[in-house]
Amino acid sequence: MNQVSPTLSQSLLAAARAIAAVENGQSLTETLSETPADLRPSAQALAFYAMRHWGEAIAIRRLLVQREPSSPVVGALIGLSLLLLDVAMQEDRNKLDSMAPVYTPHALVDQSVQATQLQRALINYKGLVNAVLRRFQRECAQIHAAIANDPEARWNHPMWWIRALQKAYPDQWQQLLQTANLHPPLTLRVNVSVTSREMVQDAFNQAGILATPFGDAGLVLQEPRPITSLPGYDQGWWSVQDAGAQLAAPLLGLKPGMRVLDACAAPGGKTAHMLELADVELTALDVDSKRLERVQSNLERLKLMRSGVRLVAESALRSHLWWDGVAFDAVLADVPCTASGIVRRHPDIRWLRRPQDIAQTAKLQRSILDSLWSVVAPGGKLLLVTCSIFPEEGEMQAQAFLQRHAQAQRLPAPGQLLPMQADDTNPAGRDGFFYALFVRRP
Ligand SMILES: C[S@@+](CC[C@H](N)C(=O)[O-])C[C@H]1O[C@@H](n2cnc3c(N)ncnc32)[C@H](O)[C@@H]1O
């Protein structure tokens with residue numbers, strides 16, 4: 001059957017719905033998974049672009065639309081179309097984000113107006129969308145001048161986030177905000193329990209796919225591709241995992257037969273890595289049973305769902321419900337966090353979080369760590385991991401943990417890793433992570 005490509009107006013409307021859902025607190029990945037399959041790729045490209053430029057969109061929209069439209073989808077459509085019109089009118093292509101969707105101004109205005117005609121509830125907004133976009137076309141230069149000193153428009157992050165980074169990283173905050181708006185590469189971790197990196201690289205080469213090795217088992221692809229089309233997906237030869245996340249499992253020094261707890265396991269990236277490194281007895285715990293299903297399917301694809309692996313849908317805070325009383329040699333605490341270190345990959349995160357989230361997640365992390373410490377064997381290790389760059393979820397959390405637990409001794413671990421874009425010396429770059437390793441004194 002021939003597939004008909006969606007029109008630009010359909011894609012714009014689908015992306016606007018996704019953006020409106022983010023503004024209502026839903027994650028972009030989640031909301032896009034509800035978008036009809038034929039519209040998903042184009043809506044995703046538009047919505048991801050918009051999230052990386054949303055500070056600018058809001059600032060421009062504020063100048064042009066006096067009264068917020070009562071429909072959040074129309075508000076999102078106007079913001080998105082303004083951004084795309086700005087791209088369309090940019091004469092110097094070198095000034096554009098490499099992923100910027102480029103249309104002609106005429107097509108864009110026409111299709112944005114058409115988008116309002118695709119849904120009954122939006123029909124009356126045709127005139128507003130048309131008027132706002134045409135005014136932007138006329139006054140683009142003045143509008144850019146008017147928002148030039150607006151930090152949210154400049155950095156495309158909410159003001160509280162900008163201030164938090166200025167405070168924590170007085171010399172690096174600008175670079176961090178800039179990196180957060182760049183495009184991460186597709187990085188893989190080879191499953192060394194079923195194949196070798198050389199074999200995977202050969203298979204990729206034969207398929208004309210260029211991949212560069214990094215770290216112990218990593219491969220970074222020169223160009224992103226749909227992952228299920230890559231050689232070895234069904235055979236479980238590799239997993240998608242950022243370079244920063246690939247540092248976790250090796251830090252625990254796992255040996256065959258060790259009792260290991262992965263306390264916040266889903267979707268199982270680090271669970272799989274631990275099982276690839278050693279034949280350990282592993283309990284993978286996650287409070288979210290739906291997400292735990294993804295651990296199961298990932299382990300099955302990677303041929304790691306062996307005896308000695310147990311999946312438990314429970315909270316790390318309620319150890320009396322899942323712990324048999326035999327202490328663990330190694331505990332991975334990849335605790336829930338604001339995810340402020342992975343905004344390159346999830347550009348909606350900065351718009352979803354609220355300032356109070358930092359203290360709230362830090363408090364939950366503290367409770368989880370205290371609960372987990374009681375199941376660590378004498379001489380056993382606890383690895384605290386967060387994908388955050390806020391110190392409250394990193395160094396401050398680690399220091400406070402040491403204060404509360406006299407038997408805990410800190411071992412060498414990377415500490416705070418800031419996000420980095422790939423360069424000549426570091427082909428994969430990485431997301432932002434925090435690592436602290438503790439051993440329980442015997
Ligand atoms: C950062 S993610 C873990 C990522 C995972 N380790 C990986 O590498 O793929 C944090 C996980 O903690 C889980 N979580 C949140 N609160 C929890 C709790 N009280 N007990 C156990 N898991 C929890 C979340 O459902 C989420 O899946």
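Could you say which residue among I358, I342 is touching a Ser or Thr at 6+ places or on another chain (Cβ under 7 Å), open to solvent by 10 Å² or more (accessible area, probe 1.4 Å) and β-branched (V, I, T)?
Details: I342 fails: touching a Ser or Thr at 6+ places or on another chain (Cβ under 7 Å).
Matching residue, one of I358, I342: I358.
For (1) farther than 22 Å from L302 by Cα; (2) of a type in the set (V, I, T); (3) open to solvent by less than 30 Å² (accessible area, probe 1.4 Å), each residue gets a yes or a no:
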residue	(1), (2), (3)
L177	yes, no, yes
A180	yes, no, yes
P184	yes, no, no
V190	no, yes, yes
E198	no, no, no
Q201	no, no, no
F204	no, no, yes
G208	yes, no, no
G218	no, no, yes
Can you pull out the helices (runs of 4 or more DSSP H) entirely within the range 111-181 that have at least 2 residues that are free of Cβ contacts under 8 Å to residues at least 12 places away in the same chain, assigned by TED's automatic domain parsing to the domain that holds A59 and more than 30 Å from L418 (Cα to Cα)?
126-147
Provide a single number: the residues in the range 292-317 that are in contact (Cβ under 8 Å) with a residue 40 or more places away in the chain and part of a loop (DSSP other than H, G, I, E, B).
5
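Here are some residues: G208, G253. Which one is in a loop (DSSP other than H, G, I, E, B) and in the same structural domain as D431 (by TED's automatic domain parsing)?
On the way: G208 fails: in the same structural domain as D431 (by TED's automatic domain parsing).
Answer to the check: G253.
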Of the conditions (1) surrounded by fewer than 21 Cβ atoms within 10 Å (Cβ to Cβ); (2) closer than 16 Å to S193 by Cβ; (3) more than 10 Å from the ligand (Cβ to nearest atom), L304 fails just one. Which one is it?
(1)
Evaluate the range 357-376: report whether one residue or more is touching a Leu at 6+ places or on another chain (Cβ under 6 Å) and either not in a helix (DSSP H, G or I) or not assigned by TED's automatic domain parsing to the domain that holds D262 (or both).
yes
For the range 235-286 the number of residues that are away from the ligand (no atom under 13 Å from the Cβ), closer than 14 Å to V309 by Cβ and small (G, A, S) is 2
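Would you tally the residues in the range 62-83 being without any contact (Cβ under 8 Å) to a residue 40 or more places away in the chain and open to solvent by less than 20 Å² (accessible area, probe 1.4 Å)?
Restricting attention to the range 62-83, the residues satisfying the condition of being without any contact (Cβ under 8 Å) to a residue 40 or more places away in the chain are 62, 66-68, 70, 83.
Next cut, open to solvent by less than 20 Å² (accessible area, probe 1.4 Å) only: 83.
Count: 1.
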Pull up the range 420-442, narrow it to residues that are open to solvent by less than 20 Å² (accessible area, probe 1.4 Å) and in a loop (DSSP other than H, G, I, E, B), then point me to the one that is farthest from T386 (Cα to Cα).
A428
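Can A37 be described as assigned by TED's automatic domain parsing to the domain that holds T104 and in a helix (DSSP H, G or I)? Give the derivation first.
On the way: assigned by TED's automatic domain parsing to the domain that holds T104: yes; in a helix (DSSP H, G or I): no.
Taking the combined requirement at face value, the residue does not satisfy it.
The values are calculated or read from the model by the stated rules, or taken from the named source; none is laboratory data. Only a predicted model underlies this, so the values are computations on that prediction, with no experimental measurement involved. We place every Cβ from the backbone using ideal geometry, glycine too, and count neighbours over all the protein chains shown. For the accessible areas, the whole protein counts, side chains as well, though only heavy atoms, and no ligand, DNA or RNA atoms are used. Shrake-Rupley method; radii C 1.70, N 1.55, O 1.52, S 1.80 Å.
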